[in-house]
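Shown next, in structure tokens, is the structure this report addresses.
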Amino acid sequence: MIEIGAHVDLSHPSDRVWLALTDRELLGRWFAEADMVEGVPDRLLLHTADLPGFDADVEVEVTERRVPELLALRCDEAGRLTELTCAVTSTKQGSRLAVREVPTHGTWSDEQHDAREQQLRQALTVRLPAILDWLAFQQVDLRRGEAGRTTELPVISTPGPARRRRRAVVVGLVGVALAAGTVAWLTLPGEPEHVAAPSPSATPTTPLPSVVEAAATTAQPKVTPSARPSRTVAPTSARPTRTPSAKPTPSATPTGPPPPPPLAARYDTSSSRLFGYTGEVVVDNPGPASVEQWVVVVTLADGSSVDDVDGADWSRDGQAVTFTGSAVPAGGSRTIRFDVRDSRPKAREPEGCTVGGNPCAGF
């Protein structure tokens, strides 16, 4: 048996999440359009035929309802039967929504399963938070009492070659989308140090040769009547000595390999909503060798948070989110996606992005 499941942590209370699951208009906004089955209570027809992983529209019947904790559904998609449950639990930050679908008659192919699960994750992590943000905005809009609502429901679209019909999230949706994630900054590995050429050695000076000459002295003999005259022999002169000069030693100047070109990164916002967006950072390695260590740092606005990161390991210190990961191959790239909840209503990007200390393109 192959089941489909996904969960998401939301910064909204359980009752608001329950409303997004059970209100037909809201369902149509974050998952698929829904129509009531005339004359049959607790039945809906979800228009899912054009969604990834679905073959036809799905007829849904509510089998259990515990407000605001559990919604259980029986689904019929052209003869394929499944049971879908939506469980809502309160957390310190808000609530958690877990969706699980199990086939009871028939099953999906591997391709259908993957596409269906991706659709479910994307709906839960991208479109549903956008609807919940809009609901929260409505509750604090002080002008609503003057002339009705002052804002309209946001239309959240997912990138794709063909326009798909509006997707609203359903009570017990069978497929929601994988959040486009994740942004940020790689650190460039340290450049190899150049070897400094040693300074040339001093050339020794060659001393001039010295010549020692001995002076010959001649003594005149003293003549006496009783003694033979004596003769003094003059000493021979000494040969001059020469001190050979030392030859200068040539100095070597070794050179190291040229430093690799720095990594480059570019930022892009792949999707956005009322109080948040999904960011993407692509790290490129133009050099001829793989870069094992890199760091991307993304600076968020004060009061923002990040989650659902794909493509890198990450940590946060204040407003700085640091991303690291596996090596970037020579001539290749790494892509980081991350979801940001931003307190600014119209925020579409972080405040900064660097890779190896160099700014990212795209700002």
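The values are calculated or read from the model by the stated rules, or taken from the named source; none is laboratory data. Owing to the predicted nature of the structure, the values given are computational and were not obtained by experimental measurement. For neighbour counting, all protein chains shown are included, and Cβ atoms are generated from backbone atoms with ideal geometry for every residue, glycine included. Heavy atoms of the whole protein, side chains included, go into the accessibility calculation; ligands, DNA and RNA do not. Shrake-Rupley method; radii C 1.70, N 1.55, O 1.52, S 1.80 Å.
Could you tell me whether any residue of the stretch 340-356 is of a type in the set (S, T, N, Q), open to solvent by less than 50 Å² (accessible area, probe 1.4 Å) and either modelled with pLDDT of 95 or more or part of a loop (DSSP other than H, G, I, E, B) (or both)?
Step one: of the stretch 340-356, the residues of a type in the set (S, T, N, Q) are 343, 354.
Now restrict to residues that are open to solvent by less than 50 Å² (accessible area, probe 1.4 Å): 354.
Next, from what is left, pick out any that are either modelled with pLDDT of 95 or more or part of a loop (DSSP other than H, G, I, E, B) (or both): 354.
Within the stretch 340-356, one or more residues are of a type in the set (S, T, N, Q), open to solvent by less than 50 Å² (accessible area, probe 1.4 Å) and either modelled with pLDDT of 95 or more or part of a loop (DSSP other than H, G, I, E, B) (or both).
Checking the stated criteria, Ala98 turns out not to satisfy the condition of being over 14 Å from Glu3 (Cβ atoms) and either outside any loop (DSSP other than H, G, I, E, B) or more than 29 Å from the chain's Cα centre (by Cα) (or both). Residues that are more than 15 Å from His113 (Cβ to Cβ) and polar (S, T, N, Q) were ranked within the stretch 74-90; the one that is farthest from the chain's Cα centre (by Cα) is Thr85.
Within the stretch 1-23, the residues that satisfy the criterion of being within 26 Å of Trp108 (Cβ to Cβ), out of contact with any Lys or Arg (no Cβ under 7 Å at 6 or more places or on another chain) and surrounded by fewer than 17 Cβ atoms within 10 Å (Cβ to Cβ) are Met1, Ile2. Pairing residues of the stretch 75-91 that are farther than 19 Å from Trp18 by Cα with residues that are among the aromatic types (Phe, Trp, Tyr) and assigned to a loop (DSSP other than H, G, I, E, B), at Cβ distances under 9 Å and at least 6 apart in sequence or on separate chains, gives Glu77/Phe54; Arg80/Trp108. Gln93 meets the conditions (1) polar (S, T, N, Q); (2) surrounded by fewer than 16 Cβ atoms within 10 Å (Cβ to Cβ); (3) at pLDDT 90 or above; (4) under 30 Å from the mean Cα position of the chain (by Cα) in every case but one. The failed one is (3).
For the stretch 97-141, residues that are of a type in the set (Val, Ile, Thr), open to solvent by less than 60 Å² (accessible area, probe 1.4 Å) and closer than 18 Å to Arg273 by Cα total 3. For the stretch 314-325, the set of residues classified as farther than 21 Å from Gly362 by Cα and surrounded by fewer than 18 Cβ atoms within 10 Å (Cβ to Cβ) consists of Ser315, Arg316, Asp317, Gly318, listed by residue number.
Scanning the stretch 91-100 for residues that are under 17 Å from Arg65 (Cα atoms) and small (Gly, Ala, Ser) gives a single hit, Ala98.
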